[in-house]
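Novice: Quick one: the structure is below, and I'll ask about it shortly.
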Amino acid sequence: MTQRENISVFHMFKIGVGPSSSHTLGPWRAAQQFVEKIQSTTGINKVQRVTVHLYGSLAKTGKGHGTDIAVQMGLCADDPVTFDVYAIAGKINSIAHDKTLPLAGVNPITFDPQVHLVYHMDKALPFHPNGVTFEAFDGSQTLSETYYSIGGGFVVQEGVLPGNAADENIILKHPIDTAEHLMDYCNETGLSISDVVFINETSWRPEVETRTGVLNIWRVMRECIYRGCQTRGELPGGLRVIRRAETINRNLLQQASYQNYEEWLALIKSGGNQFSYILDWVSCFALAVNEENAAFGRVVTAPTNGAAGVVPAVLMYFIAFCNGNDDDKIVRFLLTASEIGSIFKKGSTISAAMGGCQAEIGVSSAMAAAALTEAMGGNPAQALMAAEIAMEHHLGLTCDPIRGLVQIPCIERNTMGAIKAITASQLALQGNPSHAKVSLDGVVKTMWTTAQDMNSKYKETADGGLAVNVPISLPEC
């Protein structure tokens, strides 16, 4: 019997560093796990050399996605949740200059990124396109471990069953693998989706800790939006993409002054509720997050980094324009969103390297649509209907980042995902789910079969689509 995968809200929403959950956060965590393996076996101080082998999508778009940076930071035992993002570049430059890496922060070993980071461009490992193998040599023998970054910052070690070992003994009151399971529980109990999730989360921790943790997730999202709306300039990577959120923010507020988030939010609310005004703000919120993500800023997987702007943008829309600035409403919004994300992860994928951009922007749009629908008073059936509508109209969306950077078309796609989520929610709130012809489980299954049929060049390899049809002459990134 297959081990049930228990997924908490804090598995779906992870605080980390941009620009990619599968190519940055996942490899970072894999490197940390390898360091822990060394500590429990060979011993850190005995290691003389470490070599990192990147395969498949990690090789083809790894540099553009910051995989090289992530594995070095992880080998240093730095934490993506707490490490100062503004100090990353200096540390990586120091390693390259000195050709020395402080393994686990305590053992300076010879490490030349040009030599000890090996990109296997034409080889993919069978389990997943995002494969990385670490080798540590202690003078007499080599310790080798392979990990797979399967999307959303989730990491699986080769030879180890997927899932967090700490969660294996968790017993959920309402175990959910499908939308049908979720709907059955809601019908049996009369509870909302967020109520059901609240009950399940108590298997991990007391409800007050869940509330505190989810509000902390929102704090990081909110700070990311706010920071992105105040930051101008050019994004790193060589494409010379100019940040737009700051300009849109300044123009919409007519250059009014403010000192903090609360004053900024008050100004946004005071601008009215014209359709074009609200539309511009939703786009601005999404752009702000993913511009921060592209600049190696601190973001939250929702469910991935590449799609990190959709859920925060729609939640910010709810707060600014729908009377949603209430802690309980915010917590419930994120709990509902997380459950929809977990259903997609279990029934399909949240990895663009497996399923294209439908697995990232499509899933995030479905998450946001369901959450907004419940927050606006919709019943569980309407919330699931909204999620289905949002994903249905992202089916087949390819992942084709130009030069392997999470910038074009990734940043703009977050605005499209946010707007589609709001539209899907409105349709569901005005609709009758009993008349719907397509179920959420049906669209999850369809997404997975579409992913299997999709050519690999449209799965985060930068081998097809816009990545090869936009004439930009740059050095290899």
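Every number here is computed from the coordinates shown, using simple stated rules; none is lab data. Since we're looking at a predicted model, the values are computed, not measured. Cβ sites come from the backbone with ideal geometry, for glycine too, and all protein chains shown count toward neighbours.
Novice: Quick check on my link table: of 346/445; 123/457; 14/345; 60/346, which ones sit more than 19 Å apart, alpha carbon to alpha carbon?
Specialist: 60/346
Novice: Could you tell me which of rounded, prolate or oblate describes the range 153-303, using a ≥ b ≥ c as the square roots of the eigenvalues of the alpha-carbon gyration tensor, with rounded for a/c under 1.5 and, failing that, prolate when a/b is larger than b/c and oblate otherwise?
Specialist: Prolate is the answer for the range 153-303, as a/c is 1.5 or above and a/b outweighs b/c.
Novice: Moving to a separate point now. Provide the net charge surrounding residue 144, with neighbours chosen by a C-beta distance below 13 Å and charges set as Lys +1, Arg +1, Asp -1, Glu -1.
Specialist: Neighbourhood net charge equals -2.
Novice: Please report the spacing between the Cα centers of the range 361-438 and the range 217-257 in Å, no decimals.
Specialist: With the range 361-438 and the range 217-257 each reduced to a Cα centre, they are spaced 23 Å.
Novice: Under a point-charge model restricted to the Cβ atoms of Lys and Arg (+1) and Asp and Glu (-1), what is the dipole moment magnitude of the range 99-193 relative to its Cα centre, in debye to the nearest 20?
Specialist: That gives the range 99-193 a dipole magnitude of about 340 debye.
Novice: Could you run the Karplus curve 6.51 cos²θ - 1.76 cosθ + 1.60 with θ = phi - 60° over the range 350-364 and give me ³J(HN,Hα) per residue in whole Hz, x for Gly and Pro?
Specialist: Each residue's phi maps through the Karplus curve to give 10, 9, 5, 5, 9, x, x, 6, 4, 6, 10, 5, x, 5, 5 Hz.
Novice: Using a 10 Å cut-off on Cβ atoms, rank the peptides 338-345, 445-452 from the highest mean neighbour count down.
Specialist: So the order, starting with the most tightly packed, is 338-345, 445-452.
Novice: Over the Cα atoms of the range 20-161, what Rg and Dmax result, in angstrom?
Specialist: Using the Cα atoms of the range 20-161, the pair Rg, Dmax is 13.7, 39 Å.
Novice: Roughly how far apart, in whole Å, are the Cα centres of the range 267-281 and the range 1-66?
Specialist: 41 Å
Novice: Which peptide among 143-152, 366-375 comes first, and what is the full order, when sorted by highest mean count of other Cβ atoms within 10 Å?
Specialist: Peptide ranking by packing, descending: 366-375, 143-152.
Novice: When the Karplus curve 6.51 cos²θ - 1.76 cosθ + 1.60 is applied with θ = phi - 60°, which whole-Hz ³J(HN,Hα) does each residue of the range 105-112 get, with x for Gly and Pro?
Specialist: So the Karplus estimates, Gly and Pro as x, are x, 10, 10, x, 10, 5, 8, 10 Hz.
Novice: Which order do the peptides 304-310, 250-256, 388-394 take when ranked by the mean count of other beta-carbon atoms within 10 Å per residue, highest first?
Specialist: Averaged packing, sorted descending, gives the order 304-310, 388-394, 250-256.
Novice: Shape verdict for the range 278-359, please, from the Cα gyration tensor: rounded (a/c under 1.5), prolate (a/b greater than b/c) or oblate.
Specialist: oblate
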